[in-house]
Amino acid sequence: MALRSCGSVLITGSNRGIGLALVRELVTGTPSPKVVIGTCRKPQEGKELQDLAKKYSNFRVVQLDVNDEDSIQKAVKEVEGLTGNEGLNCLINNAGTNTMASLNDVNVEVMMSAYRTNSVGVLMVTKAFLPLLKKAANLVSGMGVHRAAIINVSSDSGSIQLAEEKLIYLKVYPYRISKTALNMISKCLALDLKSEGILCIAFHPGWIQTDMGGPLAPLTLEETIPDVVTAISNLEERHSGTFIDWKGNTVPW
Ligand SMILES: NC(=O)c1ccc[n+]([C@@H]2O[C@H](COP(=O)([O-])OP(=O)(O)OC[C@H]3O[C@@H](n4cnc5c(N)ncnc54)[C@H](OP(=O)(O)O)[C@@H]3O)[C@@H](O)[C@H]2O)c1
């Protein structure tokens with residue numbers, strides 16, 4: 001089933017970059033999910049999100065800092081109120097931070113900061129939203145975004161198998177290692193939640209021009225986001241526990 005016509009989608013880190021483009025694609029497109037929730041750390045500063053919320057009644061902005069347990073719990077309560085008995089169909093863990101550091105520069109602080117947001121934060125957000133995902137999963141059968149799915153936005157820079165051909169990433173120890181950890185988190189979640197009918201994947205969105213991707217990235221948001229929506233829409237049971245890119249291709253671990 002298409003992501004565009006599922007019951008509810010939540011996207012973290014949606015005030016800019018890939019998160020904002022995904023929100024825009026889903027709320028302005030036809031059909032549009034019954035409920036789209038865009039979360040960000042500072043809703044009052046997310047002007048484009050606020051404008052979309054004024055225009056589209058199925059879209060809500062919710063405060064969520066993935067590093068703040070209080071904020072996560074408040075967001076869960078709010079989303080529970082918005083999704084009711086139908087639960088949450090798709091959680092897109094998109095929020096992330098890119099901490100650059102070569103072997104020379106790397107230290108405990110930058111490593112822990114990358115882990116906190118990109119690995120631990122994603123795990124804690126997912127754990128907190130599990131009751132809502134389970135609620136949705138209990139209503140139908142099969143596997144995919146029509147039921148309950150967790151999309152962990154990772155990066156091919158976290159792939160151990162691709163490390164030799166991606167020497168460019170040697171200057172980003174904290175980021176890539178935190179994404180490798182996120183890949184294991186995704187695999188563990190997929191195995192743990194399989195019996196509950198909840199799908200989980202690690203997802204590489206492509207190297208895209210955003211604040212994080214930079215101006216030299218080969219892809220634009222305009223050309224890539226529709227493919228991202230299609231790749232997520234096409235997910236089924238066989239994909240759970242795999243690493244997939246924006247074209248739906250498997251990424252080596
Ligand atoms: N762009 C690429 O080429 C590329 C490639 C591979 C993977 N990715 C992944 O795709 C995702 C989105 O990347 P992007 O390019 O859109 O990056 P971006 O433009 O830098 O946006 C990052 C988003 O994450 C949010 N965020 C950071 N820390 C957060 C926290 N503690 N709690 C909540 N939100 C937080 C930011 O919010 P604030 O505005 O509050 O900082 C922002 O909304 C990331 O996970 C990234 O690793 C991107």
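Evaluate the stretch 5-13: report whether one residue or more is in contact (Cβ under 8 Å) with a residue 40 or more places away in the chain, surrounded by 21 or more Cβ atoms within 10 Å (Cβ to Cβ), within 11 Å of the ligand (Cβ to nearest atom) and among the aliphatic types (A, V, I, L, M). Yes; the residues of the stretch 5-13 include at least one that is in contact (Cβ under 8 Å) with a residue 40 or more places away in the chain, surrounded by 21 or more Cβ atoms within 10 Å (Cβ to Cβ), within 11 Å of the ligand (Cβ to nearest atom) and among the aliphatic types (A, V, I, L, M). Residues in the stretch 98-110 that are open to solvent by 20 Å² or more (accessible area, probe 1.4 Å), within 16 Å of the ligand (Cβ to nearest atom) and in contact (Cβ under 8 Å) with a residue 40 or more places away in the chain: Asn98, Thr99, Met100, Val110. Name the residue that is nearest to the ligand (Cβ to nearest atom), counting only residues in the stretch 49-86 that are among the β-branched types (Val, Ile, Thr) and part of a helix (DSSP H, G or I). The selected residue is Ile72.
Set side by side, the residues Ile232, Ile198 differ, and just one is in contact (Cβ under 8 Å) with a residue 24 or more places away in the chain, at negative phi and within 15 Å of the ligand (Cβ to nearest atom), which is Ile232. Looking across the stretch 132-154, the residues that are open to solvent by 10 Å² or more (accessible area, probe 1.4 Å) and either touching a Leu at 6+ places or on another chain (Cβ under 9 Å) or under 21 Å from Asp105 (Cα atoms) (or both) come down to Lys134, Lys135, Met143, Arg147, Val153.
The single condition among (1) buried (at least 21 other Cβ atoms within 10 Å of the Cβ); (2) closer than 17 Å to Thr126 by Cα that Asn67 does not satisfy is (1). Of the candidates Ser119, Ser113, Ser141, Ser155, the single residue that is at pLDDT 95 or above, more than 16 Å from the ligand (Cβ to nearest atom) and of a type in the set (S, T, N, Q) is Ser141.
Within the stretch 134-163, the set of residues being in a loop (DSSP other than H, G, I, E, B), among the β-branched types (Val, Ile, Thr) and either more than 22 Å from Val229 (Cα to Cα) or under 18 Å from the mean Cα position of the chain (by Cα) (or both) comprises Val145, Ile160. Looking across the stretch 14-48, the residues that are within 10 Å of the ligand (Cβ to nearest atom), assigned to a helix (DSSP H, G or I) and either touching a residue at least 60 places away in the same chain (Cβ under 8 Å) or buried (at least 19 other Cβ atoms within 10 Å of the Cβ) (or both) come down to Gly17, Ile18, Gly19, Leu20, Ala21, Leu22. Restricting the first member to the stretch 119-143 and to residues that are within 12 Å of Leu91 (Cβ to Cβ), and the second to residues that are small (Gly, Ala, Ser) and in a helix (DSSP H, G or I), the beta-carbon pairs closer than 8 Å and six or more apart or on different chains are Ala128/Ala75. Just so you know, in the stretch 75-97 the residues that are in contact with a Gly (Cβ under 7 Å, 6 or more places away or on another chain) and surrounded by 20 or more Cβ atoms within 10 Å (Cβ to Cβ) include one that is farthest from Pro33 (Cα to Cα), and it is Gly96.
The values are calculated or read from the model by the stated rules, or taken from the named source; none is laboratory data. Not measured: the values here are computed from a predicted model. In this analysis, Cβ positions are derived from the backbone assuming ideal geometry, glycine residues included, and neighbour counts consider all displayed protein chains. Surface areas here come from the heavy atoms of the whole protein model, side chains and all, with no ligands, DNA or RNA. Shrake-Rupley method; radii C 1.70, N 1.55, O 1.52, S 1.80 Å.
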